[in-house]
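The values are calculated or read from the model by the stated rules, or taken from the named source; none is laboratory data. It should be emphasised that the depicted structure is a prediction, and the values quoted were computed from it without experimental measurement. Quick reminder, even Gly has a Cβ in these numbers, built from the backbone with ideal geometry, and neighbours come from all protein chains shown.
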Amino acid sequence: MDFSLSEEQRLLQESIDRFIEKDYTFTKRQQRLATEMLYDSAIWQQMAEFGWLGLPFSETVGGIGGSLVDAVLLAQGLGKGLVIEPYLAVLLAGRIMERLLGEAASAWLEGVIEGSKVPALAYAEPGSRFAPCWTATSARPVQGGYTLSGQKLLALGAPVAEELLVTARLQGEPGDVQGIGLFAVPAQSRGLQMLAYRMMHGTPGADLLLEDVVVPKEACLAEDVGRALLTVVDEATVVVCGDALGSMEATFWKTLDYVKTRKQFGVPIGSFQVLQHTLVDMFMEVEQSRSITYMAAMQAAGEDPIAAARAASAAKAYVSRAATLVGQKAVQLHGGMGMTEELDIGHYFRRLTMLSSLFGDRDYHVRRFGGLQTTAMD
Amino acid sequence: MDFSLSEEQRLLQESIDRFIEKDYTFTKRQQRLATEMLYDSAIWQQMAEFGWLGLPFSETVGGIGGSLVDAVLLAQGLGKGLVIEPYLAVLLAGRIMERLLGEAASAWLEGVIEGSKVPALAYAEPGSRFAPCWTATSARPVQGGYTLSGQKLLALGAPVAEELLVTARLQGEPGDVQGIGLFAVPAQSRGLQMLAYRMMHGTPGADLLLEDVVVPKEACLAEDVGRALLTVVDEATVVVCGDALGSMEATFWKTLDYVKTRKQFGVPIGSFQVLQHTLVDMFMEVEQSRSITYMAAMQAAGEDPIAAARAASAAKAYVSRAATLVGQKAVQLHGGMGMTEELDIGHYFRRLTMLSSLFGDRDYHVRRFGGLQTTAMD
Amino acid sequence: MDIDFTKEELAFRDEVRQWLADNVPPEIRKKTSYTIPLTKEEQQGWERILGRKGWLASHWPKEYGGPGWSATQRYLYDVERAFAGAPLPSPFGVSMVGPVIMAYGTTEQKQRYLPKIAAGEEFWCQGYSEPDAGSDLASLKTSAQREGDDYVINGSKIWTTQAHWADRMFCLVRTSQEAKKQRGISFLLLDMKSPGVTIRPIVTIDGHHHLNQVFFDNVRVPVENLVGEEGDGWTVAKHLLQFERTTIAGVADSKKAINNLKELAQEERDGGVIMGDLPDVRRRLAELEIDLLALEYSNFRTLDAVARGESPGPESSLLKIKGTELQQALSQLRLEMGANRSMPWLTDQTLAPPAFRHAATPYFFLRAATIYGGSNEIQKNVIAKMLLGLG
Amino acid sequence: MDIDFTKEELAFRDEVRQWLADNVPPEIRKKTSYTIPLTKEEQQGWERILGRKGWLASHWPKEYGGPGWSATQRYLYDVERAFAGAPLPSPFGVSMVGPVIMAYGTTEQKQRYLPKIAAGEEFWCQGYSEPDAGSDLASLKTSAQREGDDYVINGSKIWTTQAHWADRMFCLVRTSQEAKKQRGISFLLLDMKSPGVTIRPIVTIDGHHHLNQVFFDNVRVPVENLVGEEGDGWTVAKHLLQFERTTIAGVADSKKAINNLKELAQEERDGGVIMGDLPDVRRRLAELEIDLLALEYSNFRTLDAVARGESPGPESSLLKIKGTELQQALSQLRLEMGANRSMPWLTDQTLAPPAFRHAATPYFFLRAATIYGGSNEIQKNVIAKMLLGLG
């Protein structure tokens, strides 16, 4: 049992902190958000040079070979810095490619890892809030290829990607794990309508309408991707817990600072016992979130897929509630100031709200956790 | 809209308070509980003389003709005084008799109302925690009567009753509202085993084992009592909310008193803001419980049975949570003293725990409320 | 005890229902039911329609241009108003400064201001909070110095809702530096078009502009705009806080919100199941509806007490605490039901139905409900002190 | 980061598991799994079995008769112990006074007391709280006056767990009225059979007798029973509070409890449905299991920090708060699953299975978990002050 960080992990943390401090201050970020520009190639390039975009991929496909713990530490730093770049899109799209194609994914991943292209995976649909395999989008084989029809929601990074990875059903019914194919669809395809936006925490995302989008045969990257999708979404879920953990840490320490300096009735508001206990509650939620997130990141390294899924759901169920609580309390303790766009606290709150829902909210993951059987408790 | 009490209602409240103060002090109650005596005929007689045992029955059957609001006010006073007499057994058994037999119940009710006999209704069974019609106990017609077989739980007042009213299934399956008969079974019947005890709040109750208990034909008081049972249990549920309300009021005021006088670190513990807010939370729960209990008592006077059932479930769902919270907080605020049998607070806590569960806990009533449809919200 | 409405009250309800059905503009009805913020024109346009009908100042006596309704009638009206998809009128005129002028205003002030408020012709805002005085109003610093027949105001107010819409502001200013903290405060009315008034918008975390900071740079206000005596501002403000609390719980709008949620839960599906049949959604809807029932009857009890001449007093803090918590919980459930469909930010370019597309706005803005108007922590202090004798 | 156990650790676990399977008396196993209170004979009998094996003082170094286990081994042992249905040893000897004597005791004290504690041959109790000093220990009044080679003790201690079983008590007494409040306190060991000691049982709301009030009427204690210097009692007691917190979270027993609940939920039915399939039961079990996972890993993190030589410090307050809340929630769920079957009071005369028949005992007694040993409110004050720098 060892919870200490390796030298590499400490260096990773330091490099993120330095990056935020130098190139990603709150002021710079706000200026970014004030523009229409969804993508900053200089920043993205920097992230590639740090090796962050290659972190989650094995060395055999040209990645850094980081563990899920490393990915969590990266996300934690980016969450702390309110980074809006779609790094989660890299994880989702890149990991499913690696998992499905193995070494054959190297060529595709090269551009992703060196930062010359942003990838995107579109799997979520309106028919289900969270179940990854609720795929109603259909892929009908036609002469020389397929036509894809359906709707996709909240595809991270899609507005800045040239090519989208889209899940579509080759056979079976929504909810079946079997029968889902993965298709490479150029963003400019005829019949593909992209409704682009920023998500509530600032990252670009899109809803997609596919109406008889024709793709060639080789656009079908794999024919039965359900299991891989579930695994990759579980990994991303744990990483999101890391992001939320970083956001919560920053939110907590900023709030602690605030109550020590803000005066009302002639004393710092942090001298009121009720507010002290509220901060203690926040503190405990942050620490418990840290524990369960690291637990899930470590469990994912194990060989039991059900244990990994249970761990991911346990972590997300816990962190979703904690993120909501910490965000809400932070705004409450900041009073009017917490309600403004001008202060970072509100932006942390929005990020925490987003992350609390992304890849499944508390109710979803509690239910999922309860439904996944284990052989033994210990 | 009128929430004021009538003159009669105020007199009722005063008479209960006087009775508690004079004849039912905590000391006297503790002496009672130290004995094996489950029944105090003098007290019971007094309750009859006050008219309390006849309160919930219409004048046509010899009762006082009180409303459900009156029954709630009575329960509130008895709850405040930690009264352990099985008045709820009178309500359950008496009201189902009145509802099923109408004026024909007068003779049977006479002894109940004048206090010469304690009635008891045994309907709950091990197969379901709370659903009243989950009746698996069977009534098989035999020559000249029936044989009853099955198990009953937590029959209020049963150990001190000479005769038990027992629900048993004539046809259908557990859960069916139809097909349940009501039988008068002498406590001394062959084949009837009574496991007598005090419930956790001190009131006598019993589990019953019926093994081929033979009763004559006329022991079957009615043949299809499911609807009446549901209605009567709903009434008793609202009355239990009244009892819990009274217990919560007493618990709250005693706790408020305690924190004003108990000193730690040189000051009354009630000067700590965190404890002040805890008391405010308790206060709000008591007041909200009062509102929703009176709501349910008034709704029951309406003509819509579904609205009455929804109102009963809403009130019990709310009050069950409030009772648990108020009881737990009161013990916590009393510290070590709250943990002892010597102080009344622990007894209130046990009563609140009992009432929180009786006739359905929060989970059960939330689910039931959500399942009962209404035509409109307003 | 009795909760039946009389035949007359039910007839009144039907009349109100019919009139609202005929008069609430469809666009407003739609926006309100999805909690899309209204424009100034929409809000004021609707208030003028109400004003012409004489129902805008719904709790005012007839002599000042109100309908003279009973507490029960006001309750019935308010529920019908919410279910008709009509927004609450802005409180600053009809619920706040109006009653204050009735109680403390001069005859001239009454004649000058009340009719325009009741008609929806002048829009007000409230100048209380300051950057360094949030919940601690007694330490406010904006000064009003007497110069001839004018006060000259310097300083700043913050969190001023709809200041950018307002014709007038009522505010608390410091007219004496020497008197004891609270005794140096006065209650003034001012014209927002006065020279020296500037407004800085404050965008809130829902991404919208409701709030402002207002700066006063030698703003001259005639002495006749003082309400009550100089130095009595604290007393006047406290009267206002006590006055009209019958709608503080927000019961009518929460009833409408839960009704909308129940309908939505029947319309939408998750994984092939009607959302209203998912155990978690069903449970949470039932829990919130039960909490609302308790709150509604607590509100009735307060109304009944007021009708019998008792003061609502600190019990209204309970209504505020529980009411705002419920509003927040309802907005949170809608956001969580929407999930992926509620996460795009401030855009109509999504595949989500409007109820989900706009779910984030109330969720974020309603965080203010437990902060403004005396935070819920302060409300608990009030109950502890005033009702429980603690502290 | 790494949570895998080594091969050696897993072998250790297997050895422990086997020994416990062979040595925990069946009657104790049964009672513990239903949380039926043990008799003195049962508790002490089991502790002596453990003592003979050398595992009673499981976190003691070898030199004092402990097994010299690592933190990981102790954790593994504790989980096995809980799953084998063995009770926690009474903490007063092995976890409290033992470590204090190791740190502050004289050579004579070590030789006199430690072997008997490690062997389970002497049973201890703790004399801290007094009727007028609950959480505020510094204001305790029980006095110890020096007379020749003795202290003469007068006063009273309350909430003394198992005083009626105990051979000895360690206690805080006031040895000086003049010194500053905390400086006048000393740490004494006394024989419960000393003349002048009387014990009044306190029955708790679970209906059982665990607690007592202990009265001292001129009780003579030899001066050599002083631990540390006279007036250093506060320092000694604080050391004790900091010492052994690795089991404060109660993770092992909560794991066992949730396992029992899950089995129970599969065995029992409600309305024809397996209880574990009822959405509410299933949700609540899952929520508690998730909370327990978070707590378990917080506990691991603390163990790891301690193993690396860091002090657990105020973080252990988190473990105490979350651990006790979880214990209470688990006991409450069992009671609520039992419902009608858990409501008969202190009787075996019911139709309920034992797990439901005995559900009320832990529910009521565990209310003490958030009161004793520094109430959870006090723990939060500690975190606020020590970790967050507030107040």
I'd like the full set of residues that are among the small types (Gly, Ala, Ser) and under 16 Å from B:Leu154 (Cα atoms), limited to region B:336-372. B:Ser356, B:Ser357, B:Gly360
A:Glu125 fails exactly one of (1) assigned to a loop (DSSP other than H, G, I, E, B); (2) on the phi > 0 side of the Ramachandran plot, namely (2)
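For the structure I just gave you, tell me whether A:Gln46 is in contact with a helix residue (DSSP H, G or I) (Cβ under 9 Å, 6 or more places away or on another chain), under 23 Å from A:Val240 (Cβ atoms) and within 14 Å of chain D (Cβ to nearest Cβ). Let's see the steps before the verdict.
Details: in contact with a helix residue (DSSP H, G or I) (Cβ under 9 Å, 6 or more places away or on another chain): yes; under 23 Å from A:Val240 (Cβ atoms): yes; within 14 Å of chain D (Cβ to nearest Cβ): no.
In short, no.
Filtering region A:104-122 down to residues that are of a type in the set (Gly, Ala, Ser) and part of a helix (DSSP H, G or I), which residue is surrounded by the fewest Cβ atoms within 10 Å (Cβ to Cβ)?
Keep residues of region A:104-122 that are of a type in the set (Gly, Ala, Ser), which gives A:104-107, A:111, A:115-116, A:120, A:122.
From the residues that got through so far, the ones that are part of a helix (DSSP H, G or I) too are A:104-107, A:111.
Numbers: A:Ala104: 13, A:Ala105: 24, A:Ser106: 18, A:Ala107: 11, A:Gly111: 15.
Within region A:104-122, the match that is surrounded by the fewest Cβ atoms within 10 Å (Cβ to Cβ) is A:Ala107.
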Test each condition in (1) at negative phi; (2) more than 14 Å from chain B (Cβ to nearest Cβ); (3) over 18 Å from the mean Cα position of the chain (by Cα); (4) not aromatic (Phe, Trp, Tyr) for C:Ala339 and report the one that comes out false. (1)
Checked pairs for region A:92-104, first over 15 Å from A:Tyr123 (Cα atoms) and not assigned by TED's automatic domain parsing to the domain that holds A:Leu55, second surrounded by 20 or more Cβ atoms within 10 Å (Cβ to Cβ) and at pLDDT below 95, C-beta under 9 Å and 6 or more apart or across chains, list as none
Do we have D:Lys181 as within 11 Å of chain B (Cβ to nearest Cβ) and either surrounded by fewer than 15 Cβ atoms within 10 Å (Cβ to Cβ) or under 21 Å from D:Thr235 (Cβ atoms) (or both) here? yes
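Conditions (1) away from chain A (no Cβ under 14 Å); (2) at pLDDT 95 or above, marked per residue:
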residue	(1), (2)
C:Met96	yes, no
C:Pro99	yes, no
C:Thr106	yes, yes
C:Glu130	no, no
C:Tyr151	yes, yes
Residue in region A:306-321 that is under 30 Å from A:Met1 (Cα atoms), at the interface with chain D (Cβ under 9 Å from one of its Cβ atoms), out of contact with any His (no Cβ under 6 Å at 6 or more places or on another chain) and outside any helix (DSSP H, G or I) present: no
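Among the residues of region B:118-135, count how many are hydroxyl-bearing (Ser, Thr, Tyr) and under 14 Å from the mean Cα position of the chain (by Cα).
So in region B:118-135, the residues hydroxyl-bearing (Ser, Thr, Tyr) come out as B:123, B:128, B:135.
From the residues that got through so far, the ones that are under 14 Å from the mean Cα position of the chain (by Cα) too are B:123.
Number of matching residues: 1.
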What's the number of the only condition in (1) within 8 Å of chain A (Cβ to nearest Cβ); (2) at pLDDT 95 or above that C:Tyr372 fails to meet? (2)
Filter result (farther than 17 Å from D:Met192 by Cβ and buried (at least 23 other Cβ atoms within 10 Å of the Cβ)) within region D:106-117: D:Leu114
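D:Glu263 - would you say it is of a type in the set (Asp, Glu), without any contact (Cβ under 8 Å) to a residue 40 or more places away in the chain and in the same structural domain as D:Ala355 (by TED's automatic domain parsing)?
Details: of a type in the set (Asp, Glu): yes; without any contact (Cβ under 8 Å) to a residue 40 or more places away in the chain: yes; in the same structural domain as D:Ala355 (by TED's automatic domain parsing): yes.
Answer is yes for this residue.
Look through A:Gln264, A:Gln299 and report the one residue that is modelled with pLDDT under 95 and either at the interface with chain D (Cβ under 8 Å from one of its Cβ atoms) or crowded, with 20+ Cβ neighbours inside 10 Å (or both). Explain how you work it out, then say what you get.
Details: A:Gln264 fails: either at the interface with chain D (Cβ under 8 Å from one of its Cβ atoms) or crowded, with 20+ Cβ neighbours inside 10 Å (or both).
Only one candidate qualifies: A:Gln299.
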Go through the residues of region D:233-253 one by one and say whether even a single one is in the same structural domain as D:Asp304 (by TED's automatic domain parsing), at pLDDT 95 or above, within 25 Å of D:Ala166 (Cα to Cα) and not small (Gly, Ala, Ser). yes
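Would you mention how many residues in region B:143-162 are under 19 Å from the mean Cα position of the chain (by Cα) and of a type outside the set (Gly, Ala, Ser)? Break it down into steps so the answer makes sense when it comes.
First, pick out the residues of region B:143-162 that are under 19 Å from the mean Cα position of the chain (by Cα): B:152-161.
Retained after the next criterion (residues that are of a type outside the set (Gly, Ala, Ser)): B:152-154, B:156, B:159-160.
Number satisfying all stated conditions: 6.
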Close pairs from region B:186-208: first more than 8 Å from every other protein chain (Cβ to nearest Cβ), partner surrounded by fewer than 20 Cβ atoms within 10 Å (Cβ to Cβ) and among the hydroxyl-bearing types (Ser, Thr, Tyr), Cβ under 9 Å, at least 6 apart: B:Gly191/B:Thr147; B:Gly191/B:Ser149; B:Pro204/B:Tyr39
Within region C:1-20, take every residue that is within 14 Å of chain B (Cβ to nearest Cβ) and over 30 Å from B:Ser6 (Cβ atoms) and give me the one that is surrounded by the fewest Cβ atoms within 10 Å (Cβ to Cβ). C:Asp14
Residue hits (region A:270-285; within 7 Å of another protein chain (Cβ to nearest Cβ), assigned to a helix (DSSP H, G or I) and not small (Gly, Ala, Ser)) are A:Gln273, A:Val274, A:Gln276, A:His277, A:Leu279, A:Val280, A:Phe283, A:Met284
Cβ-Cβ under 6 Å, sequence separation 6+ or interchain: first residue in region D:94-116 and in contact (Cβ under 8 Å) with a residue 12 or more places away in the chain, partner outside any helix (DSSP H, G or I) and among the acidic types (Asp, Glu). Which pairs? D:Ser95/D:Glu244
Within region C:283-307, count every residue that is more than 8 Å from chain B (Cβ to nearest Cβ), of a type in the set (A, V, I, L, M, F, W, C) and under 24 Å from B:Tyr364 (Cα atoms). 2
Need the failing condition index for D:Lys322 against (1) of a type outside the set (Asp, Glu); (2) within 20 Å of D:Tyr372 (Cβ to Cβ); (3) more than 11 Å from chain A (Cβ to nearest Cβ), just the number. (3)
Which members of region D:285-323 meet the condition of being crowded, with 19+ Cβ neighbours inside 10 Å and hydroxyl-bearing (Ser, Thr, Tyr)? D:Tyr297, D:Ser298, D:Thr302, D:Ser316, D:Ser317
Would you tally the residues in region D:325-355 being farther than 19 Å from D:Leu292 by Cβ and free of Cβ contacts under 8 Å to residues at least 40 places away in the same chain? 13
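I'd like the full set of residues that are on the phi > 0 side of the Ramachandran plot and either without any contact (Cβ under 8 Å) to a residue 60 or more places away in the chain or part of a strand (DSSP E or B) (or both), limited to region D:147-191.
Narrowing region D:147-191 to residues on the phi > 0 side of the Ramachandran plot: D:148, D:155, D:159, D:162.
Within region D:147-191, D:Gly148, D:Gly155 meet the criteria.
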